[in-house]
1. Which of T203, T143 has the fewest other C-beta atoms within 10 Å, and how do the rest follow up to the most?
2. Give the angle, between 0 and 90 degrees and rounded to the nearest 10, that separates the Cα long axis of helix 249-259 from the longest principal axis of the Cα atoms of the chain.
3. As I understand it, the value is the acute angle between the Cα axis of helix 88-100 and the longest principal axis of the Cα atoms of the chain; what does it come to in degrees, rounded to 10?
4. Go through region 198-207 residue by residue and turn each phi into a ³J(HN,Hα) via Karplus (6.51, -1.76, 1.60, θ = phi - 60°); whole Hz please, and just put x for glycine and proline.
5. Can you list residues whose amide H is under 5 Å from G22's amide H, if they're 5+ apart or on another chain and H is modeled 1.01 Å from N?
6. I need to check one value: relative contact order of region 44-176, counting alpha carbon pairs closer than 8 Å and at least 6 residues apart, in percent.
7. So what are the ³J(HN,Hα) numbers for region 143-149, from phi and the Karplus equation (6.51, -1.76, 1.60; θ = phi - 60°), rounded to whole Hz, Gly and Pro as x?
8. Is it possible to state the helix-based mean residue ellipticity at 222 nm for the chain, with each DSSP H run of 4+ residues giving -39500 (n - 2.57), the sum divided by total residues, to the nearest 500 deg cm²/dmol? What is it?
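Any read-out appearing in this document is the output of simple, stated calculations on the displayed coordinates, not a laboratory observation. Note that the structure is a prediction, hence the values are computed from the model and not measured. Heads up, the Cβs are rebuilt from the backbone with ideal geometry, glycines too, and the neighbour counts pull from every protein chain shown.
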Amino acid sequence: MDVMQTVPASTYTGRFAPSPTGPLHFGSLVAALASYLDARVHSGHWFVRIEDVDRQRSIKNADKAILDCLHAHGLQWDEPVRYQSACDDYYQTLINTFFSRQLAYYCTCTRKMIRQQGGGSACNCRNAKHGPAGAAVRIKLDTPVLSFNDRIQGPQQAGSDCATEDMVLRRRDGHYAYNLAVVADDIKQGVTHIVRGSDLLPTTLAHLSLYQLLNAPPPTYAHIPVAATEPGYKLSKQNKATAIDPHNAKQNLVQALKFLHLYVPDTLHGASCDKILNWATKHFKCETLPKVSEIIVDKQQSAFYKD
Ligand code: GLU
């Protein structure tokens, strides 16, 4: 199946894809900045996509707060912002095509039940011919992708994770799954390079399997270390990380760049965001970021990274 792109493929198209579950915090500013700089270093396009596919987790007006904050930091995107909540028909069309290729099935199992049955390929629902009522839609992963090379984290192999489990495309509550939406949209938007937090590394093999099933060329991936307050606790909207104050945009940029191992020279302290970003674009090198999953930042002042 070929998934039509609405955006012409260029040599480099990157994106920042926040879920609107709260305002931008230091960790998400770092992710936005890394994806922006990598795109600009390669003279590429950079998009912003609001990942509000899960309506229950989305917070009213958080999208606007995120976009305003990016804008205040000089991070300008190149195309109108895409909202996943407006794309249900597209996701359903892909699911219908998977059904017509006999690759999708309705499943009434919980994840725990699937594991107890020995993994996705052994799910009894594959042959049970359930109807849609109260069922999730899963895709058969008979030949999953088992490895890839991350630009920062290096070679990755499938372990005892979800890479080989029949993936949920639509949840039992009717919501389209993040794993489907993110791949479908990256294909639609012609995204060639994904730079995002290492917390998403475990989902990447499943995403690559979807690219394969959709006959779409896969992007390259770079998973940057996430900012954490202590080992295993990444800054997130869920654990109430301090919101970035857009009035301190220049200082925030300097701190976020420091996290990315870019030390803004004193002569640029106090310069405009545009000047700081211009300087950073000349010096950013994604591949030189440390091959670790997280970097510890100051808990109280999560907007102000200390080393
Ligand atoms: N929406 C995801 C998040 O906010 C990011 C997805 C991605 O970058 O692929 O964590």
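1. Numbers: T203 17, T143 10.
Ranking T203, T143 by Cβ neighbours within 10 Å, fewest first, gives T143, T203.
2. Between the helix axis and the principal axis of the chain, the angle is about 70 degrees.
3. Roughly 40 degrees, rounded to the nearest 10.
4. 5, 5, 9, 4, x, 8, 5, 5, 4, 4
5. I59
6. RCO, region 44-176: 23 percent.
7. Residue by residue, region 143-149 yields 10, x, 6, 10, 7, 7, 10 Hz.
8. Numbers: 8 runs with 89 residues, N = 307.
Using -39500 (n - 2.57) per qualifying helix, the result is -9000 deg cm²/dmol.
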